[in-house]
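Here is the structure we will look at.
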Amino acid sequence: MIDKLISNATPLIYLAKADQLEIFQTVIRQILIPQSVYREVVVEGKNLGEKDAYRVDRAISEGWIIVQEVKDIYPVEIPIHPGEAEVISLAKEMGVERVLLDDVKARVACELAGLRPIGTLGIILRAVGDHNLSFDQFLTTLEHIVRSGFYLKEEIYLRAVQEAKKLSGR
């Protein structure tokens, strides 16, 4: 189990859209998010009437997702979204090496900053490997997030399905 991790908006949004936020709790003890991620996911999401915003807000109220203020922006070496820069900055400030984000450039920026990125798929696959999610549940979750707009190249999708099948023992 991952003790602590800093999350960007995308993984929270898509697992919440699939009504699968609890997958995080099977793999991660505590998720920290910067204020910018909170604003993007919860404040802007509620303004748009998105159900996922309310699900993430409930997780914050329950205490397993914690909103944290970033004191200083870490100088990343490549241009990335300001929210992703805050995620990296918070990880560096808090001494947390695991970072949850999906954008390829942001993942490279994490690695350059000495952090260990993991993506939404990595979390879902880890839940399968830990036997907290069955192969069928994996397929359903994957289909939900893709239908909600989560972009995956076909080859990545197929590799993830093969990996989940192997991890589940099917």
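The table below gives the values:
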| quantity | calculated |
| --- | --- |
| Close pairs from segment 8-31: first in contact (Cβ under 8 Å) with a residue 60 or more places away in the chain and part of a loop (DSSP other than H, G, I, E, B), partner of a type in the set (S, T, N, Q) and surrounded by 20 or more Cβ atoms within 10 Å (Cβ to Cβ), Cβ under 9 Å, at least 6 apart | 18/141; 20/141 |
| Enumeration of residues in segment 97-138 that are crowded, with 17+ Cβ neighbours inside 10 Å, free of Cβ contacts under 8 Å to residues at least 40 places away in the same chain and more than 17 Å from residue 7 (Cα to Cα) | 137, 138 |
| Residue that is surrounded by the fewest Cβ atoms within 10 Å (Cβ to Cβ) [pool: residues in segment 24-39 that are of a type in the set (Ser, Thr, Tyr) and touching a helix residue (DSSP H, G or I) at 6+ places or on another chain (Cβ under 6 Å)] | 26 |
| Residue list for segment 60-87, filter: more than 15 Å from residue 4 (Cβ to Cβ), surrounded by 16 or more Cβ atoms within 10 Å (Cβ to Cβ) and touching a strand residue (DSSP E or B) at 6+ places or on another chain (Cβ under 8 Å) | 60, 70, 83, 86 |
| Some residue of segment 133-150 being among the basic types (Lys, Arg) and touching a strand residue (DSSP E or B) at 6+ places or on another chain (Cβ under 7 Å) | no |
| Evaluation of residue 44 against (1) over 24 Å from residue 115 (Cβ atoms); (2) in contact (Cβ under 8 Å) with a residue 40 or more places away in the chain (one fails), failing number | (2) |
| Selection status of residue 36, hydroxyl-bearing (Ser, Thr, Tyr), part of a helix (DSSP H, G or I) and within 19 Å of residue 102 (Cα to Cα) | yes |
| Hits in segment 103-130 - residues which are in contact with a Phe, Trp or Tyr (Cβ under 8 Å, 6 or more places away or on another chain) and closer than 15 Å to residue 152 by Cβ | 120, 123, 124, 125 |
| Qualifying residue in segment 77-89 (condition: at pLDDT below 95 and among the hydroxyl-bearing types (Ser, Thr, Tyr)) | no |
| Those residues of segment 89-112 which are in a loop (DSSP other than H, G, I, E, B) and either farther than 10 Å from residue 8 by Cβ or in contact with a Pro (Cβ under 9 Å, 6 or more places away or on another chain) (or both), in sequence order | 95, 96, 97, 101, 102 |
| Count - residues of segment 142-170 that are modelled with pLDDT of 95 or more and polar (S, T, N, Q) | 1 |
| The lone exception for residue 128 - which of (1) touching a Ser or Thr at 6+ places or on another chain (Cβ under 7 Å); (2) modelled with pLDDT under 95 it fails | (2) |
| Meets criteria (modelled with pLDDT of 95 or more and of a type in the set (A, V, I, L, M, F, W, C)) for residue 66 | yes |
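The values are calculated or read from the model by the stated rules, or taken from the named source; none is laboratory data. Predicted model, so just to flag it, every value in this text is computed and none were measured. All Cβ positions, even for glycine, are placed from backbone atoms using ideal geometry, and neighbour counts span all protein chains on display.
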